[in-house]
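First the structure, then my questions, so here it is.
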Amino acid sequence: MSAAALQGQTLLLLGASGGIGAALAKQLAAQGANLIISGRNLVPLQRLATQLATKTQCVAADLSNFAGREHLLLALPDKLDGVIFAAGYNDFALFEQQDPTAIHRLFELNTLLPILLTRALLPRLTPQARLVYVGSTLGAIGYPGYAAYGASKAALKHFVQALRREMADTALQFCYIAPRATQTSMNTLAAQELNQALGSKTDQPDWVASQILNQLIAKQMQDQNLGMPERLFIRLNALLPALLDKALRKQLTVIKQFARRKTPGLTQSIKTTPAGVKGACK
Ligand SMILES: NC(=O)c1ccc[n+]([C@@H]2O[C@H](COP(=O)([O-])OP(=O)(O)OC[C@H]3O[C@@H](n4cnc5c(N)ncnc54)[C@H](OP(=O)(O)O)[C@@H]3O)[C@@H](O)[C@H]2O)c1
């Protein structure tokens, strides 16, 4: 497949108002794809749509609940050539201090949403449709401060692998792309300060988006872990987890310093909206 192959394709992009999603929307539109862009709030979606050169439909819906997902499904066309699952939620916290509501939300948005929506969308996919699931390095490496987040992404990774194998006798393609830390508003100040303190590299959302685009136009999509040395650490963790246990033990004091909350139970703001608002942008 070549970039020209996206011309006129109809793609659903979840999380389009986010850092990675907005960058990807612009790159996909530049390739001539028609987009259905989704997030909870209509205004940022409409603002984004004004910057896109192709036909764009905006669907605002809280996809962590049934009503929001139903609202999205009703707004979608009968045929989709691809879906990019880039909506997500993070909550950097010591597990012992983490609000159970946040734990629910992590799994609702990062795991259940892509699984349930994939199930609902299968009948609408064109035979060679492509589905891209945005995971995380932390889905492959259990990391202090991200126990529940990492688990929600690990489950997603496993789902994508199994579904790809189950549907290997069709022309549908599935891939899981795992970025490392990326400069978007998903990361709280504490998470950013931890990355700085540890000297962890971070990527720009435009670059991460370009890696997703590369998979969408590749002949055969492949799972990808983005960034070095993270790719190496993922391999080491799979082969020699005790080595990573040791290395992370050395960093634990620093990690806890940033992950600990002054007010136990305090969690990142959880915004909610009505079931959904639909709007045709152009
Ligand atoms: N940033 C990183 O460091 C990083 C690293 C690795 C992986 N990732 C993954 O990359 C993906 C994109 O992350 P990002 O950095 O672009 O995050 P972001 O800037 O926070 O964007 C998150 C997107 O998800 C949407 N969203 C959040 N809650 C929603 C809900 N309940 N219903 C519908 N949409 C919802 C947001 O829209 P509204 O807020 O308007 O609802 C926004 O469009 C996520 O899956 C994330 O886990 C990010």
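Is it true that some residue in region 1-9 is within 16 Å of the ligand (Cβ to nearest atom) and closer than 25 Å to residue 215 by Cβ?
For region 1-9, residues within 16 Å of the ligand (Cβ to nearest atom) and closer than 25 Å to residue 215 by Cβ: absent.
Identify, from the list 42, 35, 72, the residue that is touching a residue at least 12 places away in the same chain (Cβ under 8 Å) and either open to solvent by 20 Å² or more (accessible area, probe 1.4 Å) or among the β-branched types (Val, Ile, Thr) (or both).
Matching residue, one of 42, 35, 72: 42.
Got a sec? Which of 53, 75, 67 is modelled with pLDDT under 95 and more than 20 Å from residue 149 (Cβ to Cβ)?
53
Ok, one more. Scan region 128-163 for residues that are part of a strand (DSSP E or B) and either buried (at least 18 other Cβ atoms within 10 Å of the Cβ) or at pLDDT below 95 (or both) and jot them down.
The answer is 129, 130, 131, 132, 133, 134.
With 60, 67 as the choices, which residue is open to solvent by 30 Å² or more (accessible area, probe 1.4 Å) and touching a Gly at 6+ places or on another chain (Cβ under 9 Å)?
67
Can you tell me which residues in region 1-21 are open to solvent by 10 Å² or more (accessible area, probe 1.4 Å), at pLDDT 95 or above and part of a helix (DSSP H, G or I)?
Scanning region 1-21 gives 19, 20.
Okay, next question. What's the number of the only condition in (1) in contact with a Pro (Cβ under 9 Å, 6 or more places away or on another chain); (2) more than 9 Å from the ligand (Cβ to nearest atom) that residue 14 fails to meet?
(2)
Right, another one. Of the residues 24, 63, 28, only one is touching a Leu at 6+ places or on another chain (Cβ under 7 Å) and not in a helix (DSSP H, G or I); which?
Exactly one of 24, 63, 28 is touching a Leu at 6+ places or on another chain (Cβ under 7 Å) and not in a helix (DSSP H, G or I), namely 63.
Now a separate question. Look at residue 113 and say whether it is within 24 Å of residue 150 (Cα to Cα), of a type outside the set (Asp, Glu), open to solvent by less than 10 Å² (accessible area, probe 1.4 Å) and within 12 Å of the ligand (Cβ to nearest atom).
In short, yes.
Within region 172-214, work out how many residues are assigned to a strand (DSSP E or B) and closer than 16 Å to residue 22 by Cα.
Here the count works out to 2.
Go through (1) open to solvent by less than 20 Å² (accessible area, probe 1.4 Å); (2) within 12 Å of the ligand (Cβ to nearest atom); (3) in contact (Cβ under 8 Å) with a residue 60 or more places away in the chain; (4) of a type outside the set (Gly, Ala, Ser) and name the single condition residue 106 misses.
Every condition holds for residue 106 apart from (3).
Report, by residue number, each residue of region 82-98 that is surrounded by fewer than 21 Cβ atoms within 10 Å (Cβ to Cβ) and either part of a strand (DSSP E or B) or away from the ligand (no atom under 16 Å from the Cβ) (or both).
Selection gives 94, 95, 96, 97.
The values are calculated or read from the model by the stated rules, or taken from the named source; none is laboratory data. Quick caveat, the model's predicted, so the values are computed rather than measured. Reconstructed Cβ throughout: ideal geometry from the backbone, glycine too, with neighbour counts over all protein chains shown. Quick note on the areas: whole protein, heavy atoms, side chains included, nothing else; ligands and nucleic acids left out. Shrake-Rupley method; radii C 1.70, N 1.55, O 1.52, S 1.80 Å.
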